[in-house]
Amino acid sequence: MPSTPTSSPRHLDPTSPDAPLPRRSPRPSPRPSPRTALGFEYAETIVHTAVSADNTPRDGPGDDNEYGLPSEFLAGSTGTSSFSFAEPGKMEAAEETRPEITSIDLSGGNGSQVLMGDSDGRVCLYAPPANHPKAVPVKQRVPRIWHPAFTRGLDCLRSVEVEAKVHRAVLMPRRAPNVTSYMVANAQTVKLYRMREHLGRPKSKSVVPVCSFTGPHIYAPIHSLSLCSDEQTFLSADDFQVQWWHFEAGDGAKPFCLADIHPRQGDANFEVSELLTAASFHPTHGSLFLLSSSDGWTSIGDLRDPPSRRKRNYATTLATRPEHNIVQHNHNDILCSVADAAFLQANYVVTRDYLSLKVWDIRKPGAPTSVLPVHECLAGHLDELYDSDAIFDRFSISVDQQTGTVVSGLYDARVVVWQPESGQEPLYIRGSTGEEGATAGAVGPLQWSEEPAFTAERVSNVGISGGGSTVAFSSHDKLFVFDRVRSGSSRS
């Protein structure tokens, strides 16, 4: 069980002079002007298409090339911007069995590295080639690390099959030049990997986790992982529980349960009324964390305040009410549901619901300070979306704390890049899906379409690097990576 932080006066505002500083907190980078992030264009540099593991020559690194990977794995990686797990001739045959890209992350680096996990339990880390000069902008990424992280298993206590799907992947900050650390989680287990490189390739051919954390997530699969600012602890959350882990505890250690809303079987009304949708640490204040739920509330808690039995007293609660929505409808309870939430710099929280992005000031929690309608074109078709169950789709968000930039997914293989403080119009980016006449790159706001592919090309995972230099997102089996370039310049 992780050690409880030292007690001190309770201050919600992390900028208060009396608030304690987190241990080993990384030094923040100088904050650029808010207008610098949207003063650039984003150019697409990678289009990755995942294929079934059945078409992968073998599991793990090999000796066929300088990257330590099978040559078939790198098919299409030379002289083009498309990557695949199989030979080009096998792509069409494997189209129906391609695994879904289930998680991506760039937050632990400067944009040169992109971590990806898929539904077959594999993890892939894209990075520049080993001979790439550090001072030159990144124009190409190759799969430097690739390995299976999970395989299908069986929960013997409940006689339930545990799928290999990677539910969440987190790229940790790089503290050594040749060491890459990252966390991956499937439904029940979190694994910590630490890869050492020599001359641009992994030193060891066998990839084994440093330690594994498993046990408490038995009611629902893990959907959130969040690293504390002190880099010593992390949160894992599912639909009912939030667990607090310590890295030094190692295998077999028990976490501290921060929240548990699962109804007890002995309760008279044994039914599920709400679900937890997100859990996240504050970017600089190691004792603050937030939880969001499907009922529309987002609560900010303090680890220094002990819980009262099963219930924790939260310092601030941000409640999304029907009057905060961009449209009033019979499905207001669904429209108020918070799909994802994250801290935005020191004093703000950004939440995502089905139709909009909302920014809240934790010092004035009564109403959102900014609302961005991202699915405004869907407001007149909510009944159709309800009949097709599309109204229950969840969209994630990713935040760059240095520039205050927010990225969130949309339909039609699009994302929105927004800086609430800048006052500028948001930027909409679309991936190159291969459809005839489809536009890739900067596009306009989303427009309604009755085509089935409109909601099928849903962007379920997004990521943005520190400084906002790289934006990545996925739609089913495709990974799109856009690097920021100055207006008027082009990439070769």
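The values are calculated or read from the model by the stated rules, or taken from the named source; none is laboratory data. This structure is a prediction, so every number in the text was calculated from the model and none was measured. Backbone-built Cβ (ideal geometry, glycine too); neighbour counts: all protein chains shown. With ligands, DNA and RNA removed, areas are computed over all heavy atoms of the protein, side chains included. Shrake-Rupley method; radii C 1.70, N 1.55, O 1.52, S 1.80 Å.
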Quiz item: Restricting the search to region 324-350, which residues are under 25 Å from G404 (Cβ atoms) and more than 22 Å from the chain's Cα centre (by Cα)?
Solution: H324, N325, I326
Practice problem: Output the number of residues of region 439-492 satisfying the condition of being among the charged types (D, E, K, R) and modelled with pLDDT under 80. | Solution: 4
Exercise. Please find, within region 417-432, the residue that is surrounded by the fewest Cβ atoms within 10 Å (Cβ to Cβ) out of those that are within 30 Å of T284 (Cβ to Cβ) and charged (D, E, K, R).
Key: E425
Quiz item: Within region 281-304, can you find the residues that are open to solvent by less than 20 Å² (accessible area, probe 1.4 Å) and part of a strand (DSSP E or B)?
Solution: F281, L288, F289, L290, L291, S292, S293, T298, S299, I300, G301, D302
Quiz item: Can you tell me which residue in region 180-199 is most open to solvent (accessible area, probe 1.4 Å), limited to those that are of a type outside the set (A, V, I, L, M) and in contact with a Pro (Cβ under 6 Å, 6 or more places away or on another chain)?
Solution: K191
Quiz prompt | Selection from region 202-218 of residues that are in a strand (DSSP E or B), open to solvent by 20 Å² or more (accessible area, probe 1.4 Å) and either touching a Leu at 6+ places or on another chain (Cβ under 9 Å) or modelled with pLDDT under 65 (or both) | solution = S212
Self-check item: Residue match in region 313-329 (condition: open to solvent by 10 Å² or more (accessible area, probe 1.4 Å), of a type in the set (F, W, Y) and either part of a strand (DSSP E or B) or in contact (Cβ under 8 Å) with a residue 40 or more places away in the chain (or both))
Solution: no
Practice problem: Evaluate region 394-416: report whether one residue or more is at pLDDT below 90, at positive phi, surrounded by 21 or more Cβ atoms within 10 Å (Cβ to Cβ) and in contact with a helix residue (DSSP H, G or I) (Cβ under 6 Å, 6 or more places away or on another chain). | Solution: yes
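Among L303, L288, which is modelled with pLDDT of 90 or more, of a type outside the set (S, T, N, Q) and touching a strand residue (DSSP E or B) at 6+ places or on another chain (Cβ under 9 Å)?
Values: L303 fails: modelled with pLDDT of 90 or more.
On inspection, the qualifying residue turns out to be L288.
Scan region 333-381 residue by residue and report those that are of a type in the set (S, T, N, Q) and either open to solvent by 30 Å² or more (accessible area, probe 1.4 Å) or part of a loop (DSSP other than H, G, I, E, B) (or both).
Of region 333-381, the ones of a type in the set (S, T, N, Q) are 337, 345, 347, 351, 356, 369-370.
Selection gives S337, Q345, N347, T369, S370.
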